Amino acid sequence: MPGVKGALGTALDGALTDLSYSTNTANALIHLYRAEVGKMTAYRQRLDMTTNWSVVTTAGLASFALGSPNNSHATFLFAMFMNYFFLRLEARRFRIYEIAHHRVRIMERFFFPAMLGDRVDPGWHQLLLAELSKPRSPMSRLDALGWRLNRNYLWIYAGVLLGWFAKLDMDQPKGWVLEFPDALSLADIGSFPGWLVFLGVFVFYGFLIGLAIRAARTYPLEEG
């Protein structure tokens with residue numbers, strides 16, 4: 001078996017790792033690798049599913065809001081809220097995905113090179129044991145939110161914001177000239193003044209952009 005000293009070791013001129021694996025140990029690690037890859041595949045599909053929900057929901061709400069002048073622009077605000085719900089759900093799934101991804105990368109960097117005759121750090125087992133005994137994601141919740149934003153949701157949020165501006169412009173009386181601060185009244189919702197709505201939207205988008213910038217510098221592994 002590759003990675004076990006013997007006839008193959010002679011052929012490789014001593015290039016094998018010092019670690020030896022019994023048949024049971026090697027089989028157990030191979031089955032663990034297959035299980036973790038299967039988990040990654042399942043959560044990869046869940047990530048795509050959540051993004052699809054977001055796109056479909058956004059498209060439906062935008063069609064409803066722009067379909068009639070009687071429909072309120074607040075529909076786009078609701079779309080922002082729904083997308084944030086999907087984003088948090090996707091970020092939670094992404095953190096679980098990263099737990100399996102991290103274990104797979106440990107075995108790919110140490111176990112399989114050792115089985116193929118390369119020398120590896122003999123203490124790598126402790127790293128894998130620590131991951132198995134106390135599962136933890138290599139990235140924080142904020143990093144997960146920011147990474148999924150970078151991947152998909154910034155584009156979705158940009159579309160929602162443009163749709164909101166378009167709806168506000170469509171709702172204004174013909175011939176009405178936009179002048180600050182009177183233009184803020186276009187965003188009035190019931191007793192809520194338009195300036196407060198604009199402030200809330202821009203603070204929220206500033207928060208999202210901050211998350212995306214932060215996460216772009218802190219991804220724990222390689223892009224995948």
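One table, with the values for the structure above:
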quantity	calculated
The range 72-154 - Rg (one decimal) and Dmax (whole number), Cα, Å	18.6, 67
Contour minus Cα-Cα distance for ALA158 and PHE202 (0.36 nm per residue)	14.6 nm
Two-site label geometry, ARG141 and ARG44: point separation in nm, points 7 Å out along Cα→Cβ	2.8 nm
The range 49-198 shape via C-alpha gyration tensor axes, a/c threshold 1.5	prolate
Heavy-atom surface of the range 54-175, accessible at 1.4 Å and reported per residue (Å²)	51 Å²
Label-to-label distance, nm, for residues given as TRP53 and ALA35 (7 Å Cα→Cβ offset)	2.7 nm
Carbon and sulfur %, accessible surface of the range 27-162 computed with the full protein complex present, 1.4 Å	62 percent
Net length gained if the chain between ASN71 and SER22 were fully extended (0.36 nm per residue, minus Cα distance)	10.8 nm
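The values are calculated or read from the model by the stated rules, or taken from the named source; none is laboratory data. Just so it is clear, the structure is predicted and the values come from calculations on it, not from any experiment. Please note: Cβ atoms are built from the backbone with ideal geometry, for glycine as well, and neighbour counts cover all protein chains shown. Just so you know, the surface numbers come from the protein's heavy atoms only, side chains and all, with ligands and any DNA or RNA stripped out. Shrake-Rupley method; radii C 1.70, N 1.55, O 1.52, S 1.80 Å.
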